[in-house]
Amino acid sequence: MGAFGSFALIIALILAGYNLLAGILALRLIATGQQVRISPERLADTARRAGIASFVAVTAAAFALVWSVFTNDFSITYILEHSNRALPAAYKFSALWSGQEGSLLLWAWLLAAYGFVLRLTHKTDVKLYAYAGTILAGIQVFFLLILNIAAPPFALMRGAIPDDGNGLNPLLQYPEMVIHPPMLYLGYVGFSVPFAFALGALMMRYPGEKWIKVTRVWTMVTWLFLTAGIFLGMHWAYAVLGWGGYWGWDPVENASFMPWLTGTAFLHSVMMQEKKGMMKSWNVWLIFSTFLLTLLGTLLTRAGLVSSVHAFAQSSIGTWFVVFMGIVLGVCIFTYVLQRSHLKSEHHLESLVSRESSFLFNNLVLLTACFVILWGTLFPILSEYVVGNKVTVGAPFYNRVAVPIGLFLLFLTGVGPLLPWRATSFRSIRRNFVLPVIAFWATVIVCFVVGVRPWKDGSLDQGNFYALVAFSVSAAVMTAILSEFLRGAGVISKQTGRNLIVATWLLTRRNTRRYGGYIIHIGVVIIVIGLAGAAFNRSEERELALHDKLPIGPYTLECVGFTQDSNLNYNSEYALLDVYKDGKKQFQMTPEKRVYLASEQPQTMVAIHSTPSWDLYVVYEGTNPDTGQPIIKAFLNPLVGWIWAGLVVLVFGTLVALVPSLSPAAASMRAPGRTGPSEPALKGGRL
């Protein structure tokens, strides 16, 4: 099967290479109008078909690798290093992305799959899709060259073939790791598509903003995958690493966050181009930067340039990525300089207090955050190169800068929807901002009453101060968004006689993009509330003999047992803890420590009890070698559940925004409980 997989990758490279070269030639012939034996349109169609066939070849290679994992073919070095016979079936799939070669194959397969879908829908706009397909073929050629030359996934063992493999990394043997990496990769790879359309549209001087409308769904789906992937990674870090947190500003975490920031900025600023014909150059460079950052993230992880629990060992593919990124950047700059006259804005900013300015500030804040994170991530690499010593940038640096930026961004999230286009009158400001301001100060008062105050022992407590600001601004933003829903729903309710719930549904269906975006903002607010809870985290650590107790917050943990277990894959040790609250037993928790047999590596399995108010998070840290008694560390982490709840709301809002809007008349006819034509119609067919 290894030979079959290698052959499939060679065929895929040949097909992708033909797709690239034939596509370039066809587009050149069409642009110059030259007549040759084969028509340019026919040549372009053969290039498109080669791209489709390359997807089939890469799929065959990916299937060969998965088949080799399930059949325990340890003659393939990659299978030997990342699997073993006792590995559960679900985690055998994880072997596809657990190592460098397999993860690059996954990258290539997802890129081929995106290209496959794009090429099947080419009749929407043949020329634009031909440009985009050719650019995607160029990216595909790069990854297939790496897979065939620098990091072949089907390299064979030398010497005797072992009876069993080294096993999957214990950190990956967790249910979410079957979902998190593919989800993240769907986001990473997916940004290749809007990049290809943007570059292609600029090359051909595509008229208007149609390319943005063509790629809107691609970009939003990609952004959704990347968002879900980041949060799944946060939950994995929270549940597996046993440190009580979910985001540590790890370099690989940063690598996924940076393209999310620029992608988010792009999704906001394209509305300016669609509605006002503004920020055209800005948008092109936002999507160029997003794609380059996905390549940088892949480089950081796959080349081992940074120290991280997520990163692989150092390898030679770093040079490949640096050269390719240089080529991509050079092509982007050359195309932009050549075609920059095509990107002149049709309008200009008329007022600093307007919706246009809120979009601009939103973009500047997101890009500032991205630059800070990029600098902190690359600083250890740059310092080692310049002075010979790797200077690590820790979480305090990021928190000191990122937290204020994030709070200002949250503020803009609430302000933007309340501002009209072009300019804002004082009367409009007073009318739209009264309720949010009341909500802000009411929350400040409530926080003071319950003990959340910005000082401690006579000096400013930064954590409490930021938490107070986060809670108060979140309340104001939530009020602003809900007031927008209620204002529109109230108008529809008066016109149709519907109740507010049905009217809100109708309002959302008439402009799913706008109100889906508002729902996304509600999700962001909920997430920020959850993140603010970290200011009040508590932890206790103690060695517990039988029936010893560990108090933390309203809970008391009592050790009632200590046991061991084993199976073919790992040995484990458990601590049995009864949890009491107000003197009454509530539940039992069983934190665990595993040692995997194939790799002989340990793994922590955290016990977590979640409520809307807090998480009780318990880690079994092993036994005291002198006494043989378990060492337990317990955390009480307020509001963590709000983070995961906010993600659900955010995903729902994105799905709503992806649904096509209905016209006012159609929305009225499709309203729940519609009985017939006797229902009152909307005046003029609009609000």
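Considering only C-alpha atoms, what is the centroid distance from region 539-574 to region 19-65, in Å?
Answer, in whole Å: 62.
Looking at the square roots a ≥ b ≥ c of the eigenvalues of the Cα gyration tensor of region 1-173, which shape do they give, rounded for a/c under 1.5, prolate if a/b is larger than b/c, or oblate?
prolate
Considering only the other residues whose Cβ falls under 14 Å of the Cβ of PRO602, what net charge follows from Lys and Arg at +1 and Asp and Glu at -1?
In short, -2.
Among rounded, prolate and oblate, which fits region 536-641 when a ≥ b ≥ c are the square roots of the eigenvalues of its C-alpha gyration tensor, a/c under 1.5 means rounded, and a/b larger than b/c means prolate?
Prolate is the answer for region 536-641, as a/c is 1.5 or above and a/b outweighs b/c.
Can you work out the FRET efficiency for the pair GLN339 and LEU435, with r the C-beta to C-beta distance and R0 = 41 Å, to the nearest 0.05?
The formula returns an efficiency of 0.30 here.
Relative to the present Cα-Cα distance, how much length would full extension add between GLU543 and ASP461 at 0.36 nm per residue of separation?
Using 0.36 nm per residue and subtracting the Cα-Cα distance, I get 26.4 nm.
Would you please give the residues with an amide H less than 5 Å from that of MET157, counting only those at least 5 places away or on a separate chain, with H modeled from the backbone geometry?
ILE76, THR77
So how strong a dipole does region 536-641 carry about its Cα centre when Lys and Arg Cβ are +1 and Asp and Glu Cβ are -1, to the nearest 20 debye?
Values: 9 positive and 14 negative charges, 69 e Å.
Once rounded to the nearest 20, the dipole reads 320 debye.
Calculate, for THR59 and HIS609, the FRET efficiency according to 1/(1 + (r/R0)^6) with r their C-beta to C-beta distance and R0 51 Å; round to the nearest 0.05.
The value I calculate is 0.75.
Take peptides 456-464, 588-596 and line them up by average Cβ neighbours within 10 Å, highest first, as a rough protection proxy.
588-596, 456-464
To make sure I understand, if each residue's beta carbon is the centre and we count other beta carbons within 10 Å, what order do ILE529, ILE30, ILE161 fall in, fewest to most? Display every interim value, and only then the final one.
On the way: ILE529 20, ILE30 17, ILE161 12.
Ranked by crowding around the Cβ, least crowded first: ILE161, ILE30, ILE529.
Under 5 Å between amide H atoms, partner at least 5 residues away or on a different chain: which partners does LEU639 have, H built in plane at 1.01 Å?
Under 5 Å from the amide H of LEU639: TRP614, ASP615.
Residue separation times 0.36 nm, minus the C-alpha to C-alpha distance between ILE179 and GLU274: what's the value?
In short, 30.7 nm is gained.
What's the ranking of 193-204, 484-495 by average number of surrounding C-beta atoms within 10 Å, highest first?
Highest to lowest by the protection proxy: 193-204, 484-495.
Can you order the peptides 544-552, 120-128, 220-228 by their average number of other Cβ atoms within 10 Å per residue, highest first?
220-228, 544-552, 120-128
Give the shape of region 121-259 as rounded, prolate or oblate, defined through the alpha-carbon gyration tensor: a ≥ b ≥ c are the square roots of its eigenvalues, a/c under 1.5 means rounded, and otherwise the shape is prolate if a/b is larger than b/c and oblate if not.
Judged from the Cα gyration tensor, region 121-259 comes out oblate (a/c at least 1.5, b/c at or above a/b).
So which trypsin sites (Lys or Arg not before Pro) in region 184-291 are both in a DSSP loop and have at most 16 other Cβ atoms within 10 Å of their Cβ? Let's see the in-between values first.
On the way: sites: ARG205, LYS210, LYS213, ARG216, LYS275, LYS276, LYS280; in loops: ARG205.
Answer in residue order: ARG205.
How do TYR206, TYR617, TYR336 rank when sorted from fewest to most other Cβ atoms within 10 Å of their own Cβ?
The order, fewest Cβ neighbours first, is TYR336, TYR206, TYR617.
Report the Rg/Rh value for region 478-605, based on alpha-carbon coordinates and the Kirkwood definition of Rh.
Details: Rg = 25.5 Å, Rh = 19.8 Å.
Rounded to two decimals, Rg/Rh equals 1.29.
Quick one: if you stick a label point 7 Å off each Cα along the C-beta vector at VAL659 and VAL117, how many nm between them?
With each label placed 7 Å out from Cα toward Cβ, I get 2.0 nm.
Fewest Cβ neighbours within 10 Å first, please rank SER94, SER539 accordingly. Numbers along the way, then the final one.
Working: SER94 25, SER539 13.
Starting with the residue having the fewest Cβ neighbours, the order is SER539, SER94.
To the nearest 500 deg cm²/dmol, what mean residue ellipticity at 222 nm is calculated for the chain from DSSP H runs of n ≥ 4 alone, each contributing -39,500 (n - 2.57), summed and divided by the residues?
-21000 deg cm²/dmol
For GLY622, enumerate residues with amide H under 5 Å from its amide H, sequence gap 5+ or separate chain, H modeled in the peptide plane.
Long-range HN contacts for GLY622: ILE631.
Normalised by the residues of the chain, what does the relative contact order come to in percent, with Cα pairs under 8 Å and at least six apart?
Computed over the chain, the figure is 10 percent.
How much length, in nm to one decimal, is gained on full extension between ASN389 and VAL449, taken as 0.36 nm per residue of separation minus their Cα-Cα distance?
Full extension of this stretch gives 16.7 nm more.
Quote the charge dipole size of the chain about the Cα centre in Debye, to the nearest 20; the model charges only the Cβ of Lys and Arg (+1) and of Asp and Glu (-1).
For this selection, approximately 3760 debye.
Coordinate-derived values only; no laboratory data. Bear in mind that the values here come from a model prediction, so they are computed numbers and not experimental data. Note that we place each Cβ from the backbone using ideal geometry, even for glycine, and neighbour counts take in every protein chain shown.
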